[in-house]
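Reading through the structure tokens given below for one structure.
The values are calculated or read from the model by the stated rules, or taken from the named source; none is laboratory data. It should be emphasised that the depicted structure is a prediction, and the values quoted were computed from it without experimental measurement. Please note: Cβ atoms are built from the backbone with ideal geometry, for glycine as well, and neighbour counts cover all protein chains shown.
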Amino acid sequence: MKPTVVTAGLPSPEAAALALLKDLIRNACVNDLTPDSGQEVRNADTLEEFFRQGLLLADAPLPIHIRHFEPHPRRVSVAFTIEGSDPSAEPLTLLGHTDVVPVDAPKWTRDPFGAEEVDGKIFGRGATDMLYITASMAAAVRDVAMRGVPPRGTLTFVGLADEEARGGLGAGWIAEHEPEAFSWRNCLSEEGGSHLPVEDGSDALIVVVGEKGAGQRRLTVHGDAGHGSAPHGRESAVVKIAEVARRVAALEPSVTRDEPWPGYVRAFKFDPETEAALLRGQGYEALGELARYSHAMSHLTLAQTVLRAGQAINVLPSVAWLEMDIRPLPGQTQEDIDALLVEALGDMADEVEITHLITEDATVSPTDGPLYQAILDTFAEFFPGVPVVPTLAAGGSDLRFGRSKGGVGYGFAMHQRHQTLGSVLDTLHSHDEYVEVEDVRLTARAYRSLVERFCF
């Protein structure tokens with residue numbers, strides 16, 4: 001790794017990331033899944049000002065190409081690119097989203113958009129998901145520009161809108177309509193760098209190499225309409241949909257045998273009996289706070305989330321439907337999902353309409369190659385000798401768009417030793433969401449180090 005040129009008086013990436021994080025939180029870019037929400041233009045403007053101020057501080061900064069994307073009014077994504085000196089060198093793109101999920105304000109004890117720093121923690125919606133990483137990415141790229149030494153490979157940071165609504169007005173829109181705006185070949189985004197509670201007290205770090213897909217379904221049944229006062233002899237759509245829900249709930253998809261699940265289980269260093277049970281898809285209670293996540297990582301999951309039937313209490317509804325959030329693993333197809341549902345429905349299958357809603361294949365990147373090796377080397381710099389464990393995200397991220405374009409994508413951050421995967425997951429979208437100041441500093445340093453290692 002080549003050293004960077006140090007210029008006296010420039011702010012450190014850590015200090016810059018902390019200040020930027022607070023500004024991003026205060027902008028309150030809340031995405032409630034409607035097109036006019038989000039208003040990410042506020043964070044896009046903040047990021048532009050962040051880069052402008054940084055370049056003003058430098059004596060001979062590198063030029064930065066800025067590109068805006070606005071598929072819907074005020075739903076703005078913005079890309080900052082530093083051109084590499086060697087066209088043959090590997091590019092690197094950092095994907096940080098700028099929107100956050102809504103808050104249930106009465107359940108917060110602090111201002112969700114105040115960015116208060118208390119007892120070494122910064123509180124605010126989006127602090128963990130994923131504004132501290134977004135701020136660290138921006139700080140790392142700005143630092144490269146300020147120090148004036150061009151990278152060999154082209155370096156891009158993108159502040160993305162609409163990630164919390166699956167990216168249709170953000171990364172998804174760019175991938176479809178302006179795919180050449182920046183490189184998708186090597187991408188980093190959320191989340192990674194937390195620790196596993198290894199049984200013998202040793203340490204292990206996680207890196208996110210892939211994520212589950214989407215197989216949303218609506219199951220619709222029909223019954224006899226009529227007056228609620230005379231139900232005798234009529235087929236009830238409500239009863240039918242209840243039976244559909246019962247049969248689907250009884251489904252028990254088999255545990256995956258594919259990596260990264262076996263490697264993840266072995267990383268805990270359980271006794272042979274516990275390890276064997278987990279590999280069979282049993283005994284998840286041994287994983288404690290990670291039981292729910294680990295089950296999702298190892299199975300196709302079906303969550304029954306929406307049920308609709310009827311409007312008036314005195315009218316028998318003629319139709320009822322059940323909607324499900326289904327998340328397949330890599331290699332599992334939409335046809336596999338439909339076959340599983342038909343099997344569960346049994347003799348009711350011909351009476352149930354199965355409608356596809358949002359569908360996407362799961363995506364996963366290899367655990368080798370230049371970017372993955374740079375991640376391993378960066379982890380080793382901060383936590384020498386600690387094994388790195390690949391995992392799958394149960395939810396989605398913008399990395400799937402890069403993978404769909406033929407690139408690789410990994411979730412990368414850096415956390416203190418006591419920050420386990422379970423504790424980080426519990427913070428996401430929580431009331432009084434926060435990130436520890438030291439985790440922001442670690443992540444900012446780690447991104448700067450990885451950029452140096454990979455791009456120079």
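What the table below lists for this structure:
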quantity	calculated
Extreme residue, nearest to V248 (Cα to Cα), among residues of region 217-234 that are of a type in the set (A, V, I, L, M) and at pLDDT 95 or above	L219
In region 307-318, residue surrounded by the fewest Cβ atoms within 10 Å (Cβ to Cβ) [restricted to those that are closer than 21 Å to A249 by Cβ and touching a helix residue (DSSP H, G or I) at 6+ places or on another chain (Cβ under 8 Å)]	L307
Pairs where the first residue, in region 438-456, is under 14 Å from A135 (Cα atoms) and the second is of a type in the set (F, W, Y) and in a helix (DSSP H, G or I), C-beta under 6 Å, 6+ apart	V440/Y132
Neighbours by Cβ (under 9 Å, 6+ apart or cross-chain): first from region 65-86, free of Cβ contacts under 8 Å to residues at least 60 places away in the same chain; second buried (at least 19 other Cβ atoms within 10 Å of the Cβ) and polar (S, T, N, Q)	H65/T81; H65/T156; I66/T81; H68/S77; E70/S77; R74/Q39
Residues located in region 134-160, provided they are in contact with a Gly (Cβ under 6 Å, 6 or more places away or on another chain) and of a type in the set (A, V, I, L, M)	M137, M146, L160
Strands (runs of 3 or more DSSP E) completely within region 161-270 that count 3 or more residues being without any contact (Cβ under 8 Å) to a residue 12 or more places away in the chain and assigned by TED's automatic domain parsing to the domain that holds V41	none
S365 vs. criteria of a type in the set (S, T, N, Q), surrounded by 20 or more Cβ atoms within 10 Å (Cβ to Cβ) and either outside the structural domain of G395 (by TED's automatic domain parsing) or closer than 30 Å to G168 by Cα (or both)	yes
Subset of region 113-130 (residues that are under 22 Å from G422 (Cα atoms) and in contact with a Gly (Cβ under 9 Å, 6 or more places away or on another chain))	F123, G124, M130
Unmet requirement for A374, which otherwise passes all of (1) among the small types (G, A, S); (2) surrounded by 14 or more Cβ atoms within 10 Å (Cβ to Cβ); (3) under 27 Å from G228 (Cα atoms)	(3)
Qualifying residues in region 273-284 (those that are in a helix (DSSP H, G or I) and not β-branched (V, I, T)) - the one farthest from S254 (Cα to Cα)	E273
Region 285-303, residues that are assigned to a helix (DSSP H, G or I) and surrounded by fewer than 17 Cβ atoms within 10 Å (Cβ to Cβ)	E285, G288, E289, A291, R292, H295
Number of positions in region 52-64 that are without any contact (Cβ under 8 Å) to a residue 12 or more places away in the chain and of a type in the set (A, V, I, L, M, F, W, C)	1
Number of the exception - H68 against (1) in contact with a strand residue (DSSP E or B) (Cβ under 8 Å, 6 or more places away or on another chain); (2) crowded, with 21+ Cβ neighbours inside 10 Å; (3) farther than 16 Å from G148 by Cβ	(2)
Some residue of region 132-146 being touching a His at 6+ places or on another chain (Cβ under 7 Å) and closer than 20 Å to N43 by Cα	yes
Selection status of R26, surrounded by fewer than 18 Cβ atoms within 10 Å (Cβ to Cβ) and closer than 14 Å to L131 by Cβ	yes
Residue among R257, R246, R266 that is under 30 Å from D350 (Cβ atoms) and modelled with pLDDT of 95 or more	R246
Single residue of region 204-245 satisfying the filter (more than 36 Å from the chain's Cα centre (by Cα) and among the hydroxyl-bearing types (S, T, Y)) that is nearest to P260 (Cα to Cα)	S236
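Condition check ((1) under 26 Å from G168 (Cβ atoms); (2) of a type outside the set (G, A, S); (3) not assigned by TED's automatic domain parsing to the domain that holds I25) across all residues:
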{"position": "A60", "(1), (2), (3)": "no, no, no"}
{"position": "S88", "(1), (2), (3)": "no, no, no"}
{"position": "G96", "(1), (2), (3)": "yes, no, no"}
{"position": "V118", "(1), (2), (3)": "no, yes, no"}
{"position": "I122", "(1), (2), (3)": "no, yes, no"}
{"position": "T128", "(1), (2), (3)": "yes, yes, no"}
{"position": "Y132", "(1), (2), (3)": "yes, yes, no"}
